[in-house]
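Worksheet: the structure to be examined is printed underneath.
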Amino acid sequence: MSETPEKLEKQHARGTARRRAMMDAAWALLLERGFSGVTLNDVISQSGGSRTTLYEAFGGKDGLLAAVMTERCKEFSAELHISLETDLPPRDALTDFGTKLAKKIVTEEVARFTQILYSEGQHFLPLIEKFFEVGPDSTRKHLADYLSRQEKLGRIKIENPDHSAEMFESMIIGDWQSRIMKHNPRPPMTDQQISERVSRAVETFLCGIATPETRETFGCSK
């Protein structure tokens with residue numbers, strides 16, 4: 001006798017819940033122990049799943065970690081991308097993007113994951129390549145695409161959108177990553193400090209790429 005739709009739906013829901021629990025357990029273990037410290041036995045123990053389910057869903061440890069990192073990166077980047085998927089004026093779009101980026105990178109979760117990337121990344125290159133593909137590289141491409149569209153509208157003048165996107169991100173991030181590597185992070189910035197930092201970065205960057213016709217519109221001195 002074939003399975004009823006109701007039974008199939010319940011089985012699918014249970015399978016989805018098990019995969020969700022495994023991904024949550026893997027992420028918590030990754031932040032606690034690093035890549036090398038994550039074991040399938042611990043993931044299974046904490047998630048209540050089975051080795052068979054894990055292999056069917058993810059193919060093993062690397063597949064599980066790739067899946068959870070991809071999900072977290074997309075969640076991190078999604079809000080940033082929203083700022084760049086419209087044709088808001090450059091000052092508005094860059095301020096929104098820069099503020100969201102500055103607030104996200106100073107969280108304890110991001111700081112811990114960054115330390116793990118730099119301390120263990122050379123031993124897990126396929127995973128690190130996947131992280132950059134769906135995370136930083138994707139976000140920078142969205143920023144470069146936005147800048148390219150603004151140039152076509154005649155609002156800014158840039159020769160290399162990718163390089164300009166990299167420069168603007170660097171102005172927002174500053175020495176945050178190097179301090180994380182040295183285990184010497186600054187105290188978390190207040191919203192006011194973030195606002196002031198982003199405002200200075202946007203002003204410096206935007207006035208450097210404004211066309212002569214838009215400098216006054218952007219509030220840049222002649």
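The values are calculated or read from the model by the stated rules, or taken from the named source; none is laboratory data. Source: prediction; values computed, not measured. Glycine also receives a Cβ, built like all others from the backbone with ideal geometry; neighbour counts cover every protein chain displayed. Each accessible area value is taken on the protein alone, full model and side chains, heavy atoms only, with ligands, DNA and RNA left out. Shrake-Rupley method; radii C 1.70, N 1.55, O 1.52, S 1.80 Å.
Quick notes
- Eligible aspartates and glutamates near Lys130 by straight Cα distance, threshold 14 Å, same-chain separation 8 or greater: Asp62, Glu71
- Links that overshoot a 25 Å alpha carbon limit, given the list Lys74/Lys103; Lys74/Lys157; Lys61/Lys100; Lys61/Lys104: Lys74/Lys157; Lys61/Lys100; Lys61/Lys104
- Per-pair calculated FRET efficiency, R0 = 30 Å: Asp92 and Thr114 via Cβ, rounded to 0.05: 0.55
- Accessible surface of the stretch 61-213, 1.4 Å probe, proportion on carbon and sulfur as whole %: 53
- Estimated from helices alone, the mean residue ellipticity of the chain at 222 nm is -23500 deg cm²/dmol (sum of -39500 (n - 2.57) over DSSP H runs with n ≥ 4, per residue).
- In the chain, taking the dipole from charged Cβ atoms about the Cα centre, the farthest positive-side position among Pro212, Pro188, His163 is held by Pro188.
- Sites Arg200 and Gln122, calculated FRET efficiency, Cβ-Cβ separation with R0 30 Å, nearest 0.05: 0.30
- Net length gained if the chain between Thr70 and Asp191 were fully extended (0.36 nm per residue, minus Cα distance): 40.7 nm
- Surface per residue (accessible, 1.4 Å probe) for the chain, Å²: 57
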